[in-house]
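Have a look at the structure below before the remarks.
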Amino acid sequence: MKTGRAVKVVSGAVAVLCATVTLSACGSDSGSGDSAQVGGKLTPVTFAMASPSWNAGYAVMAVVEAEGFYEQEGLKVTTNLFPSATQAAQQVAGGGADLGLMTVEPVAIGHDKDLNLAYFSSYWAKWIYSLQVPDGSAVKSIADLKGKKIGVSAVASSGATFARTAIKLNGMSENAASLVPIGAGAQQINAIKSGQVDVLALWDIQYQIVKNAGVTLTPLPVKETADAWGGGFAATKKNLEAKKDILERFGRAVAKAFVFSKANPEAAIRDLWKLHPETRGSEPEEKALADGVKVLQVRLDGQGFDDKTLGRIDEAAFTRSLDFMTSAGLIKKFPAKDIYTDAMFKAFNDFKHEDVVKQAESAG
């Protein structure tokens, strides 16, 4: 698999989505055989991933390549990174990618714009955005946010939009609190520890990174997103049928990577470091590995390992996400099944899980 950043976003009819989207930024044991290659050739697949960079939250997607799971399924995957879910959605809709990994909002908002995308597999089993406060904060609820400073990665980030929406849904002006861009990494940690912000509006793995730096956080309840779905892999509705076999093989490769990562999370982090050395950081190896595993564990939670339902999209959780966006005025109400299918997850789990566990356990 080749990885890198896409340098051009597909334009045209789907470009209208950029102006519309305000939230944007992840069976049986019969076995699928050692390889799904046809005639000894790998099927080329272009994959758009909504993330500006690699990090431990995407370690599973590094494992797929490093452990040869794409090749086992007869695929040669080229991964391109995009800074937002909106841009990843545009690439898929415009034919620049066969499929993409994105949070739920661009496909939902694009429904009325004839974007014609639909999800076929889950990746973020839970809604990833939330509001959290440092330990000892006087802010105990959304109502306490009036006049406070909310730290966001950027003013145009999904976390910022989520914060404004949560405030609005709780009966206040969306400008009742001020948004303060605090970036990422050391700049972000310093802003929190120095008290430059009162509240944080980030996403799940970012919070774990903050916790790894020794900051204790407490979530502020936002009832509208409780038990909501976060997002996953999407393709055009046409390709759900025309490329169903490829999508099933891709989903199965990812499911294998999830099983591997759960069985040996340290090996998963090392796979990430091997393919993307910049994710290693400068901390001593023992701490860097422990911190990476904690971030990865956030992504592994709630994925469906025990009952082998990896990749399954829960309709109730998906509907909960749509209800939140409807109440925020981002979309008009429509059935969840309009933009997702749950017909493939059994195929995703159709491999010998115990063989992948053994592979993980034997990894260095």
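Is one or more of the residues making up region 43-51 polar (S, T, N, Q), out of contact with any helix residue (DSSP H, G or I) (no Cβ under 7 Å at 6 or more places or on another chain) and under 30 Å from residue 356 (Cβ atoms)? Within region 43-51, one or more residues are polar (S, T, N, Q), out of contact with any helix residue (DSSP H, G or I) (no Cβ under 7 Å at 6 or more places or on another chain) and under 30 Å from residue 356 (Cβ atoms). Restricting attention to region 144-152, does a residue exist that is open to solvent by less than 10 Å² (accessible area, probe 1.4 Å) and under 25 Å from residue 347 (Cβ atoms)? No; the residues of region 144-152 include none that is open to solvent by less than 10 Å² (accessible area, probe 1.4 Å) and under 25 Å from residue 347 (Cβ atoms). For region 111-125, a tally of residues being assigned to a loop (DSSP other than H, G, I, E, B) and either open to solvent by less than 10 Å² (accessible area, probe 1.4 Å) or not acidic (Asp, Glu) (or both) returns 3.
Against the list (1) within 20 Å of residue 255 (Cα to Cα); (2) open to solvent by 60 Å² or more (accessible area, probe 1.4 Å), the condition residue 308 fails is (2). Here is a check on your reading of the model: is residue 301 modelled with pLDDT under 95, over 20 Å from residue 61 (Cα atoms) and either out of contact with any His (no Cβ under 7 Å at 6 or more places or on another chain) or open to solvent by less than 20 Å² (accessible area, probe 1.4 Å) (or both)? So residue 301 fails the test. For region 85-110, the set of residues classified as among the hydroxyl-bearing types (Ser, Thr, Tyr) and either touching a strand residue (DSSP E or B) at 6+ places or on another chain (Cβ under 6 Å) or open to solvent by 30 Å² or more (accessible area, probe 1.4 Å) (or both) consists of 103 only. Select, from 362, 321, the only residue that is within 30 Å of residue 209 (Cα to Cα), polar (S, T, N, Q) and open to solvent by less than 20 Å² (accessible area, probe 1.4 Å). Step by step, each of 362, 321 is checked, and only 321 is within 30 Å of residue 209 (Cα to Cα), polar (S, T, N, Q) and open to solvent by less than 20 Å² (accessible area, probe 1.4 Å).
Quick check, is residue 336 touching a helix residue (DSSP H, G or I) at 6+ places or on another chain (Cβ under 7 Å), within 30 Å of residue 94 (Cβ to Cβ) and buried (at least 20 other Cβ atoms within 10 Å of the Cβ)? For residue 336, the condition - touching a helix residue (DSSP H, G or I) at 6+ places or on another chain (Cβ under 7 Å), within 30 Å of residue 94 (Cβ to Cβ) and buried (at least 20 other Cβ atoms within 10 Å of the Cβ) - is met.
Tell me which residues, restricted to region 126-152, are hydrophobic (A, V, I, L, M, F, W, C) and part of a helix (DSSP H, G or I).
First, the residues of region 126-152 that are hydrophobic (A, V, I, L, M, F, W, C): 127-128, 131, 133, 138-139, 142-143, 145, 150, 152.
Once the filter is applied, which keeps residues that are hydrophobic (A, V, I, L, M, F, W, C) and part of a helix (DSSP H, G or I), region 126-152 yields 142, 143, 145.
The set of residues in region 196-233 being in a helix (DSSP H, G or I) and either open to solvent by less than 20 Å² (accessible area, probe 1.4 Å) or touching a His at 6+ places or on another chain (Cβ under 6 Å) (or both) consists of 205, 207, 210, 225.
For residue 274, the test of being touching a helix residue (DSSP H, G or I) at 6+ places or on another chain (Cβ under 8 Å) and at negative phi is passed.
Counting only residues that are at pLDDT 90 or above and of a type in the set (A, V, I, L, M), which one in region 144-165 is farthest from the chain's Cα centre (by Cα)? Going through the qualifying residues, I end up with 145.
In this structure, is residue 236 of a type in the set (S, T, N, Q), modelled with pLDDT under 90 and buried (at least 18 other Cβ atoms within 10 Å of the Cβ)?
Details: of a type in the set (S, T, N, Q): yes; modelled with pLDDT under 90: no; buried (at least 18 other Cβ atoms within 10 Å of the Cβ): yes.
No.
Taking the listed residues 343, 290, the one that is open to solvent by 30 Å² or more (accessible area, probe 1.4 Å), out of contact with any helix residue (DSSP H, G or I) (no Cβ under 6 Å at 6 or more places or on another chain), small (Gly, Ala, Ser) and part of a loop (DSSP other than H, G, I, E, B) is 343, with no other qualifying.
The values are calculated or read from the model by the stated rules, or taken from the named source; none is laboratory data. On a predicted model such as this, the values are computed, not experimentally measured, just so you know. Quick reminder, even Gly has a Cβ in these numbers, built from the backbone with ideal geometry, and neighbours come from all protein chains shown. Accessible surface is based on the protein model in full, side chains and every heavy atom, while ligands, DNA and RNA are left aside. Shrake-Rupley method; radii C 1.70, N 1.55, O 1.52, S 1.80 Å.
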